[in-house]
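These notes are about the structure you will find just below.
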Amino acid sequence: MDKIQLLKEIEEECRNADLPLKAGATNLVFGKGDLNAEIMFVGEAPGKNEDLQGLPFVGAAGKNLDKLLEKVGLSLKSVYIANILKYRPPENREPNSEEIKAHTPWLCRQISGMKPKVICSLGNYSTKFFLANGEVDKMKEQEGITKLHGKVRMIDFNGLNIKLIPLFHPAAIIYNQKLKVEWENDMVMVKQEIGQKSLA
């Protein structure tokens, strides 16, 4: 089975699964972009616009991300983007640990199916998730995004050797314009990393 067919099957299985948060959501928000992309962006959870459209990063944060990607010659069509949670928590509340644990295996299956070379974790939550190798109970032990943003590190995630690049969440830049310069500097570094021969 090819990669695209595999990921479509995983998405359909997820859609049919009895996941927490599903009952209060409008749509499954599984992911979007190029299924053959070698770079994957991962956020925390869908928001209101994402829930309505069934696609990640279509609201203000998504527009911000698209503009920032364009500056380094990328677009949301040339990468793949997903969230850890596949359904929106009501009123964007914090998900509880049981909800998180029920959702994370689906992201892990996405990553195993795609086999990206680079993962850009968007924000504190996503960064801690990957540093804890997907173990929710160990996320609190990890350092935060303020210290780690823009620093490349190799991680072993579910048996895959992946280059992790933590980035500020695009929504954070909307509320704190001072972060924009740091985000743009980090994105230049992302472009350098994905331009290396190891990704050819």
Restricting to aspartates and glutamates and to Cα separations under 15 Å from LYS115, and discarding same-chain partners fewer than 8 apart, the set is ASP2, ASP34, GLU38, ASP156
Per the rule of 0.36 nm per residue minus the C-alpha distance, extending ASN185 to LYS63 adds in nm 42.1 nm
Correct semi-axes for region 1-76, from √(5λ) of the alpha-carbon gyration tensor and rounded to whole Å with the largest first, are 23, 19, 8
Correct semi-axes for region 3-199, from √(5λ) of the alpha-carbon gyration tensor and rounded to whole Å with the largest first, are 23, 19, 17
Per residue convex hull volume, Cα only, region 106-187, in Å³ is 96 Å³
Of the listed links LYS67/LYS147; LYS63/LYS180; LYS77/LYS128; LYS8/LYS48; LYS71/LYS163, those spanning more than 19 angstrom between alpha carbons are LYS67/LYS147; LYS77/LYS128; LYS8/LYS48; LYS71/LYS163
Here FRET efficiency (C-beta to C-beta, LYS151 to ALA23, R₀ 41 Å, nearest 0.05) is 0.55
Amide H neighbours of PHE157 at under 5 Å, excluding residues fewer than 5 places away on the same chain, with H built from the backbone geometry, are ILE162
Measuring from its Cα centre, the chain shows a charge dipole (+1 at each Lys and Arg Cβ, -1 at each Asp and Glu Cβ) which, in debye to the nearest 20, is 520 debye
Within region 43-141, DSSP-loop trypsin sites (Lys or Arg not before Pro) with at most 16 other C-beta atoms within 10 Å are LYS71, LYS77, ARG93
Length gained, GLN5-SER112, 0.36 nm per residue minus C-alpha separation, equals 37.2 nm
Distance in nm between LYS140 and SER78 label points, each 7 Å along Cα→Cβ, equals 4.2 nm
Placing +1 on each Lys and Arg Cβ and -1 on each Asp and Glu Cβ in region 102-166, then taking the dipole about the Cα centre, the residue among ILE155, PRO116, VAL136 whose Cα reaches farthest towards the positive end is PRO116
Of all DSSP beta bridges with both partners in the chain, the antiparallel percent, nearest 5, is 35 percent
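Coordinate-derived values only; no laboratory data. Model, not experiment: these values are computed from the prediction. For neighbour counting, all protein chains shown are included, and Cβ atoms are generated from backbone atoms with ideal geometry for every residue, glycine included.
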